[in-house]
């Protein structure tokens, strides 16, 4: 199985941008505003994802390289998004705001159904990276995905997120921790396009 290319950290923080249903919970208005503010802010995201498979599938998953813990990175310059994949930076040729644009999603019945199943809860403040953070927990009873986000109370930007994905049922679950750094963010040197990545695979 070929390794996957994902944008977990940025997708996590598009919850409010792409999921207007959260507006039904007034307690999470601050979260939504934070996500909108982040759309054009340069950010470097470091992710650690751990996948756990059932005993029956664990051996097969390990042989395909899809079990265990993996680290990755994502960069948004505010205009462009880059993802680290197999040791190379890939230019996704889109922006965070473009990825989270609700216009293309509003007419999708499956997306609408998922939005209706999303609920958000405010948790007690915590300290992350030396900053006081407001904490929010988003739960989707339909998809089985829980997202916890820490938002700086001084900058109003995400500091950390944790996604627990049980969409695979008892067969597979994943746990992804993302941290967000907004200092000295620049586009990576030597990034290649998606087309170049595909061409390299075909050689």
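Summary table
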| read-out | value |
| --- | --- |
| Per-region count, the stretch 157-176, residues part of a loop (DSSP other than H, G, I, E, B), more than 17 Å from residue 48 (Cα to Cα) and at pLDDT below 90 | 2 |
| Residue among 173, 178 that is touching a residue at least 24 places away in the same chain (Cβ under 8 Å) and more than 12 Å from the chain's Cα centre (by Cα) | 173 |
| Residue within the stretch 88-102 that is under 17 Å from the mean Cα position of the chain (by Cα), modelled with pLDDT of 70 or more, in a helix (DSSP H, G or I) and closer than 27 Å to residue 200 by Cβ present | yes |
| Identity of the residue in the stretch 181-203, touching a residue at least 12 places away in the same chain (Cβ under 8 Å) and not in a loop (DSSP other than H, G, I, E, B), that ends up surrounded by the fewest Cβ atoms within 10 Å (Cβ to Cβ) | 201 |
| Filter pass, residue 65 being surrounded by fewer than 17 Cβ atoms within 10 Å (Cβ to Cβ), on the phi > 0 side of the Ramachandran plot and at pLDDT below 75 | yes |
| Among (1) in contact with a helix residue (DSSP H, G or I) (Cβ under 8 Å, 6 or more places away or on another chain); (2) free of Cβ contacts under 8 Å to residues at least 60 places away in the same chain; (3) not in a loop (DSSP other than H, G, I, E, B) - the single one residue 147 does not satisfy | (2) |
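Yes or no, residue by residue, for (1) in contact with a strand residue (DSSP E or B) (Cβ under 6 Å, 6 or more places away or on another chain); (2) at pLDDT 75 or above; (3) in a loop (DSSP other than H, G, I, E, B):
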{"residue": "6", "(1), (2), (3)": "no, no, yes"}
{"residue": "46", "(1), (2), (3)": "yes, yes, no"}
{"residue": "71", "(1), (2), (3)": "yes, yes, no"}
{"residue": "74", "(1), (2), (3)": "yes, yes, no"}
{"residue": "82", "(1), (2), (3)": "yes, yes, no"}
{"residue": "111", "(1), (2), (3)": "no, no, no"}
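The values are calculated or read from the model by the stated rules, or taken from the named source; none is laboratory data. Everything quoted here is computed from the prediction, not taken from an experiment. Neighbour counts are summed over all protein chains in view; Cβ atoms, including those assigned to glycine, are modelled from backbone coordinates with ideal geometry.
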